[in-house]
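The values are calculated or read from the model by the stated rules, or taken from the named source; none is laboratory data. Predicted model, so just to flag it, every value in this text is computed and none were measured. Cβ placement follows ideal geometry from the backbone for every residue including glycine, while neighbour counts extend to all protein chains displayed. We work out accessible area using only protein heavy atoms, side chains counted, and drop any ligands, DNA or RNA first. Shrake-Rupley method; radii C 1.70, N 1.55, O 1.52, S 1.80 Å.
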Amino acid sequence: MAKRVSLSGNEAVAQAMRQINPDVVAAFPITPSTEIPQYFSQFVANGQVTTEFVPVESEHSAMSACIGAAAAGGRVMTATSANGLALMWEMLYIAASSRLPITLAAVNRALSGPINIHNDHSDTMGARDSGWIQLYGENAQEAYDNFIMAVKIGEHPDVQLPVMDCFDGFITSHAVENLEMLEDEEVKAFVGENRVAPYALIGQEPVSMGPLDLPPYYFEHKRQQAEAMKNAKRVILEVAAEFEKLTGRKYGLFEEYRMEDAEAAIVILNSSAGTAKAVVDSLRAEGKKVGLIKIRVFRPFPAEELAEALSKVKAVAVMDKADSFSAAGGPVFTEVRSAMYGRADGKIVVSYIYGLGGRDVTTNQIEKVYNDLFSAIETGKYEVYNYVGVRE
Amino acid sequence: MAKLVEIRWHGRGGQGAKTASLLLAEVAFNTGKYIQGFPEYGPERMGAPITAYNRISDEKLTIHSNIYEPDYVVVVDETLLKTVPVTSGLKKDGAIIINTSKDPETVKKELNFEGRVYTIDARKISEETIGAYYPNTPMLVAVVKVSGIIPEDVFLNDIEASFKHKFANKPHVVPKNMEAVVRSLQEVKGL
């Protein structure tokens, strides 16, 4: 039976962690993710979980401890944000290439500098090539649901990869909202009592992990890692189907919102997708054919599926809450446009960078983007690279 | 009552405006509403102006921006009236609730706002009941009273449960806070 609760995103994810009762949590505090290990350490102190909680001296050590514990066969979790994720960088790649299914609550925050504690996606977008699966969520409910599903996705025998549960700092992490929580037993049954590691440092058939891997084998190992990420796309959908049976909540690789007959579409992720949905509703009420695609799975990237979903629109704005400083659009834009090439040609595809460093993302900004798209459709004239909500 | 009610809180760090917004969210949640309660985080310093927000609705909430055209504004510290544009975007048919010993007519002359103005002496109430200056409880009560978001009897039952939860480590403050609640319900001026 689901429980109706009001919780912040951080509290919801900490509750998910408690319900899962992992073997090891190793973490170092950083705003805005701090509350997750903070709440969780109370569960440890209260004896509500049997987890070994490892308070470490840095995020590099946090991820290193996670890698060690996961290599030993444990179910392992952590949380971080921004510069904490940056300090984990070296170890992120090692976790992924060692095929260790660690679950990381990545509470999105602008990566310094200038120093800023507020939300954008520059932290996890920078980690997009680290080999981690990345799930993005709009609100506390999705942060909670994705965290539970992340365990099952990462630990699947065909995947064996670490997973980031990404959601917006402060906007989602610190805002109290309605959500539905599963019963503890339901979560435990869904993820399984223990991780079943196909190989580990300890056990009946112990293996060595992380040794030097020279030209005779390295490439094959990377090829296998790439194959695991391909498998993840199928497994993510299988896990989502199972989760839907349990909760009634449907998840895919992305969410299509009022895309039927849409002429102008926005592609966006996390909390601003919710704000944009309200704009879609009000523009639809005026008879304008607008729709929205909210990407949930950014790694693996659902290229074919997105191209198919965008095949009938006339114009699409891809919105990035991170600038990759390529001088050629943000990371989501470049990937979406590339996905459309040869599959959904002849469309107007434009980039909007928005909301950096916690700049509030309003319905007015989103409405402007849709208006720009209609103007582009009518006149054929438009800028490809745009910023919205910035003073110039 | 309108389907969506948006409230903006103005206070100073340490006065509990954020806590009040979260408590309001909780009591509205308990009556079956969809709620959002969130502060606007800045540099966290005691005494610095802070803003917090509530959305309360019968329907699912998806907007995640700050609130620019609130139905209600709550001013927890009257010194902010001179430095922060508290009435900015406040709907004409909305209302502002201010913590002050002054009566609404006097304050209205100082405000650039034509709509309804309510005052409550949260300092006096909290000092006489709780024994210290914690204005957030009286202000929370005033916004419930003025907005009618929650029926008073439902609110009274619920807030007591919320206090018991919030003050689990210091239960002796619950009766004093309840006394503040009861008095505040009677002492909102301008109704």
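Of the cross-linked pairs A:Lys230/A:Lys347; A:Lys230/B:Lys60; A:Lys250/B:Lys18; A:Lys294/A:Lys381; A:Lys250/B:Lys3; A:Lys368/B:Lys91, those separated by over 30 Å at the C-alpha level are A:Lys230/B:Lys60; A:Lys250/B:Lys18. Helical runs (DSSP H, four residues minimum) scored at -39500 (n - 2.57) apiece and divided by the length of the protein assembly as shown put the mean residue ellipticity at 222 nm at -12000 deg cm²/dmol.
The eigenvalues of the Cα gyration tensor, multiplied by 5 and square-rooted, give chain B an equivalent ellipsoid with semi-axes of 22, 20, 17 Å from largest to smallest.
Of A:Met77, A:Met17, A:Met209, which has the largest mean-square fluctuation in a 10 Å C-alpha GNM of chain A? Ranking A:Met77, A:Met17, A:Met209 by mean-square fluctuation puts A:Met209 first.
For region A:1-33 versus region A:211-277, the spacing of their alpha-carbon centroids is 22 Å. What is the antiparallel percent of DSSP beta bridges lying wholly in region A:3-247, to the nearest 5? Restricted to region A:3-247, the bridges split so that about 25 percent are antiparallel. Please enumerate, by chain and number, the aspartates and glutamates with C-alpha under 18 Å from the C-alpha of B:Lys124, excluding those fewer than 8 residues away in the same chain. Filter leaves B:Asp77, B:Glu78, B:Asp103, B:Glu179, B:Glu187. Taken about its Cα centre, region A:254-387 carries a charge dipole of about 80 debye when Lys and Arg each add +1 at the Cβ and Asp and Glu each add -1 at the Cβ.
Could you work out how far the C-alpha centroid of region B:119-165 sits from that of region B:74-109, in angstrom? Result: 18 Å between the Cα centres. Per residue, the protein assembly as shown exposes 42 Å² of solvent-accessible protein surface, assessed with a 1.4 angstrom probe and all protein chains in place. Computed about its Cα centre, the charge dipole of the protein assembly as shown is approximately 740 debye, with only Lys, Arg, Asp and Glu carrying charge at their Cβ. The order of the peptides B:182-191, A:161-170 by mean Cβ neighbours within 10 Å, most packed first, is A:161-170, B:182-191. Counting only DSSP beta bridges whose two residues both lie in the protein assembly as shown, roughly 35 percent are antiparallel.
Legend: mean number of C-beta atoms from other chains within 10 angstrom of residue C-beta atoms, peptide A:175-184, equals 4. Between B:Asp121, B:Asp103, B:Asp58, the residue with the greatest mean-square fluctuation in the GNM of chain B (Cα pairs under 10 Å linked by springs) is B:Asp58. Taking only Cα atoms and a 10 Å spring cutoff, compute GNM fluctuations for chain B and point out the largest among B:Pro171, B:Pro49, B:Pro70. Its mean-square fluctuation being the largest, the pick is B:Pro171. Ligands, DNA and RNA left out, the accessible area of the protein assembly as shown computed with a 1.4 Å probe is 52% carbon and sulfur. Between B:Arg45 and A:Lys368, the modelled labels are 3.0 nm apart [label points 7 Å from Cα along Cα→Cβ].
Legend: residues B:Leu81, B:Leu23, sorted from most to least accessible area (1.4 Å probe; ligands, DNA and RNA excluded), read B:Leu81, B:Leu23.
Between A:Ser41, A:Tyr257, A:Gly203, whose Cα lies farthest towards the positive end of the dipole of chain A when Lys and Arg beta carbons carry +1 and Asp and Glu beta carbons carry -1, centred on the Cα centre? The residue sitting most towards the positive pole is A:Tyr257.
Classified by the C-alpha gyration tensor, the protein assembly as shown has an oblate form. Its axis ratio a/c, with a ≥ b ≥ c, is 1.5 or above, and a/b does not exceed b/c. Where a ≥ b ≥ c are the square roots of the eigenvalues of the C-alpha gyration tensor, would you call region A:253-314 rounded, which needs a/c under 1.5, or, failing that, prolate if a/b is larger than b/c, or oblate? Oblate is the answer for region A:253-314, as a/c is 1.5 or above yet b/c matches or exceeds a/b. In this calculation the C-beta distance from B:Tyr133 to A:Glu193 is compared with R0 = 60 Å, giving a FRET efficiency of 0.70.
Take the accessible area of A alone and of B alone, subtract that of the pair with a 1.4 Å probe, and the total buried over both chains is about 1700 Å².
Taking the Kirkwood radius as Rh and the Cα radius of gyration as Rg, region A:23-65 has a ratio of Rg/Rh equal to 0.96. Among beta bridges from DSSP that stay inside region B:4-190, the antiparallel ones total about 55%.
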